[in-house]
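The values are calculated or read from the model by the stated rules, or taken from the named source; none is laboratory data. For clarity, every value in this text was computed on a predicted model and none was experimentally measured. As a convention, Cβ positions derive from the backbone with ideal geometry for all residues, glycine included, and neighbour counts pool all protein chains shown. Accessible surface is based on the protein model in full, side chains and every heavy atom, while ligands, DNA and RNA are left aside. Shrake-Rupley method; radii C 1.70, N 1.55, O 1.52, S 1.80 Å.
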Amino acid sequence: QVQLVESGGGFVQPGGSLKLSCTASGNIQTIYTMGWYHQAPGKQPELVGTWRNGGTTNYADSVKGRFTISRDNAKNTVYLQMNNLKPEDTAVYYCNAVIKAKSDYQPRAYWGQGTQVTVSS
């Protein structure tokens, strides 16, 4: 019904930048939130940041001032611009969205497949 497809991960040196994208497609009626989690090896997933319908965003303290979430409404796409990357940002980054599909009675959460970000010298 609804799919999230991510792109943009890769390898970068400390201080570098990467931009991730996540596009929602399918039987979409309303997108309530789109955002990003990351999961480092051996750790629990952590929220990176979220865009909410209405335009507000929030970020984890660890990425404030370095990461920015933006949204292209026409494309149902959310972006994560990551600047001044640090080795501790190394993780698999997952797109998350709360979406109501046309065929569903209520919204539910969807996840992307994940994309690896590695920050190392």
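To keep it simple, each residue is scored yes or no on (1) at pLDDT 95 or above; (2) surrounded by fewer than 19 Cβ atoms within 10 Å (Cβ to Cβ); (3) touching a Phe, Trp or Tyr at 6+ places or on another chain (Cβ under 7 Å).
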position: Q3; (1), (2), (3): yes, yes, no
position: G9; (1), (2), (3): no, yes, yes
position: Q13; (1), (2), (3): yes, yes, no
position: T30; (1), (2), (3): yes, yes, no
position: N73; (1), (2), (3): no, yes, no
Which of the residues belonging to segment 82-121 are among the aromatic types (F, W, Y), surrounded by fewer than 16 Cβ atoms within 10 Å (Cβ to Cβ) and within 12 Å of the chain's Cα centre (by Cα)? W111
Of the conditions (1) among the small types (G, A, S); (2) within 19 Å of G9 (Cβ to Cβ); (3) surrounded by fewer than 17 Cβ atoms within 10 Å (Cβ to Cβ), G49 clears all except one; give me its number. (3)
Any idea which of (1) part of a loop (DSSP other than H, G, I, E, B); (2) open to solvent by 60 Å² or more (accessible area, probe 1.4 Å) is the one V63 doesn't satisfy? (2)
What pairs can you find where one residue is in segment 74-87 and at positive phi, the other is outside any loop (DSSP other than H, G, I, E, B) and surrounded by 14 or more Cβ atoms within 10 Å (Cβ to Cβ), and their Cβ atoms are less than 8 Å apart, with a gap of 6+ or different chains? N76/T23; N76/A24; N76/I28; N76/I31
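Matching residues to (1) touching a strand residue (DSSP E or B) at 6+ places or on another chain (Cβ under 9 Å); (2) in contact (Cβ under 8 Å) with a residue 24 or more places away in the chain; (3) farther than 14 Å from T90 by Cβ:
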| residue | (1), (2), (3) |
| --- | --- |
| Q1 | yes, yes, yes |
| E6 | yes, yes, yes |
| L18 | yes, yes, no |
| R52 | yes, no, yes |
List the strands (runs of 3 or more DSSP E) inside segment 80-121, counting only whole elements, that have at least 2 residues being in contact with a Phe, Trp or Tyr (Cβ under 8 Å, 6 or more places away or on another chain). 91-101, 115-119
Within segment 32-46, which residues are assigned to a strand (DSSP E or B) and either without any contact (Cβ under 8 Å) to a residue 24 or more places away in the chain or open to solvent by 70 Å² or more (accessible area, probe 1.4 Å) (or both)? Y32, E46
Which condition from (1) part of a loop (DSSP other than H, G, I, E, B); (2) open to solvent by less than 50 Å² (accessible area, probe 1.4 Å) is the one that A24 breaks? (1)
